[in-house]
Amino acid sequence: AHQWRGVIAEYADRLPAHLQRTVVTLGEGGTPLVPARALSEAVGAEVSLKVEGMNPTGSFKDRGMTTAISAAAGRGAKAVVCASTGNTSASAAAYAAAAGMTCAVLVPDGKIAMGKLSQAIAHGARLLQVDGNFDDCLVAARKLAEVYPVELVNSVNPDRIEGQKTGAFEIVDALGDAPDIHVLPVGNAGNITAYWKGFVEYAQDGPASRTPAMWGFQAAGAAPIVAGHPVTHPETLATAIRIGNPASWQQAIDARDGSGGLIEAVTDDEILAAHRFLSAQVGVFVEPASAAGVAGLLRLAEAGRVPPGARITVTVTGHGLKDPQWALRTADGDEVVPVRVQADVVSIAHALELD
Ligand code: F0G
C-alpha cells in the first residue's frame, strides 16, 4: 500500500532542489478534499473543503514548515524563531523538535488559543509572550533573525511559500483541473500568496487549464487589506487572523487582482455562524479563523454574487480542537451545559425524548 511521504517527497519535481538535502517531515499534506453537500445547497454551487486540520499539528502551517525547517537543517541551522498567533508556533515547535533544533516563538500576550499554546510548550519551544500584538511580534522576530544566529520561519521566508503552494497542487490533482473559485481566510497573507503561486504554476505547466478566482476574507476588526491601511489595534475572536499589518500585503493584492478575485471582510458573528454551520451541517470541526472563508462565501451567496453551479474549493485552515471553546456556546451566546441523567435506560430514553 502507498504511504503518503509528505509534501517535499510527493512534489519533489515542483520544489526547489535545496529543500531535498535534509528532509524533515511529519507526513504533512495529502489532506482530504471533502464535498460539502449542505454548503453547496446553501450557496447554489459545488463546494468542497480542503481540510487542513488533518495535517500533523492540525493546521496548514505544516506544509510550509517541512520546507522551512528542511532548508534550515540543510544549511546547518541550530535554532529557528517565529512570531505567531498560535498555529505557526505549534508547527515550528514540532518540526524543530523532529530536526533536533531549538525553537523560539513570540506570541501576543494572552491572545493565543490554549490548544496551540499547549502544542508549542509540549514540543519544547522557548515560548515568550510579548507585550504587543502579532505585528509587534513579527517585527521583533525579523530583527532577532537579522542580528542573532537564528533563522526566521515565518511566511516571509520564501521556503514557507514553496511548501504551502502544494495545497493548490493537491486540489487540482483531486479535481482534475482548477476550481472556478478558491476561497480562504487571510491573516498575514502568506497562504493566499502560496495558493496563488501553486495555481499559477499548475496552469503554466499543464496540470490545470486555468487559474481560479481567489476569494480572501479577513475578520472585520482586523481587515487592513480591505480598509487599505494598517489597523493599529486589530480585534477579532478569530485570534489566528488577528493581524493589522500583513507581511505579504502586496502579494495578496497581486493574487486578488491577477486572478480576478476579491478580498472582503466578515464579522465575528458571521464567523461564528459559519463555524456552527460547518460543525452541525457539514460535519467538519474547524477553529474560528478557518470559518472565515465559509462565512465570506455564505455572505456573497446571500448577496447573489456566487455564480450558480460554480466549482468552488475552500481551504479550512485549522482544526476545531485547537480552540474548542466556541462550540460550547449557543447561537444566543448561552453556555451549553450537558444534561445529567441516572445510569438507567429509562432515564436516558426519557432525556432523549424517545418515549
Ligand atoms: N487560518 C489559520 C487557522 C491561521 O492560523 C492563519 C495564520 C490563517 C488562517 C491566515 O493565514 O497568515 O497565511 O494569511 N496564522 C499565523 C500563525 C499568522 O501565526 O499561526 P495567513
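Computed from the coordinates by the stated procedures, all read-outs in this text should not be read as laboratory data. The model shown is predicted, which means the values in this text are computed figures rather than measured ones. Methodologically, a virtual Cβ is constructed for each residue, glycine included, from the backbone with ideal geometry; neighbour enumeration extends over all protein chains shown.
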Given labels modelled 7 Å from the Cα in the Cβ direction, how far is it in nm from Q281 to V139?
4.3 nm
Which of K78/K116; K111/K143; K50/K111; K50/K322 have a Cα-Cα distance over 20 Å?
K78/K116; K111/K143; K50/K111
Beta bridges by DSSP in the chain, antiparallel share as percent, to the nearest 5:
20 percent
Hydrodynamic calc, the range 1-99: Kirkwood Rh from Cα pairs, then Stokes-Einstein at 4 °C with viscosity 1.567 mPa s, so D in µm² s⁻¹ is 88 µm²/s
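What relative contact order, as a whole-number percentage, does the chain give when Cα pairs under 8 Å and 6 or more residues apart are counted? If you can, show how the numbers build up before the last one.
Values: 755 pairs, mean separation 64.9, N = 355.
Contact order relative to length: 18 percent.
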Calculated from backbone phi, Karplus (6.51, -1.76, 1.60) coupling profile of the range 342-355 in Hz, x at Gly/Pro
5, 7, 10, 5, 5, 4, 5, 4, 5, 4, 8, 6, 8, 9
Find the relative contact order for the range 62-152 and round it to a whole percent, using C-alpha pairs within less than 8 Å whose residues are 6+ positions apart.
32 percent
So, with +1 on the Cβ of K and R and -1 on the Cβ of D and E, and no other charges, what is the size of the charge dipole of the chain about its Cα centre, to the nearest 20 debye?
980 debye
Given the peptides 280-287, 216-223, arrange them by the average over their residues of other C-beta atoms within 10 Å, most packed first.
216-223, 280-287
Could you tell me the largest-minus-smallest coordinate of the C-alpha atoms of the range 230-338 on each of the three principal axes, in descending order and whole angstroms?
49, 39, 22
For the range 307-319, Karplus couplings with θ = phi - 60° (6.51, -1.76, 1.60), whole Hz, Gly/Pro x
x, x, x, 4, 8, 10, 10, 10, 7, 9, 7, x, 6
Taking amide H positions as placed 1.01 Å from N in the peptide plane, with prolines and chain starts having none, which residues 5 or more places from Q218, or on another chain, fall under 5 Å of its amide H?
V186, E264, A265, V266
Highest first, please rank the peptides 90-97, 68-75, 134-141, 225-232 by the mean number of other Cβ atoms sitting within 10 Å of their residues.
90-97, 68-75, 134-141, 225-232
Hull volume in cubic angstrom per residue (convex hull over the Cα atoms of the range 61-157):
78 Å³
At 0.36 nm per residue, and after removing the present C-alpha to C-alpha distance, how many nm does the segment from T330 to T102 gain when stretched out fully?
77.9 nm
Hydrodynamic radius by Kirkwood for the range 195-242, inverse mean 1/r across distinct Cα pairs, in Å, is 12.9 Å
Taking a temperature of 25 °C and a viscosity of 0.890 mPa s, what whole-number D in µm²/s does Stokes-Einstein yield for the chain with Rh from Kirkwood over alpha carbon pairs?
119 µm²/s
A correct Karplus calculation of ³J(HN,Hα) over the range 4-12, with 6.51 cos²θ - 1.76 cosθ + 1.60, θ = phi - 60°, whole Hz and x for Gly and Pro, returns 4, 9, x, 6, 5, 6, 5, 10, 3
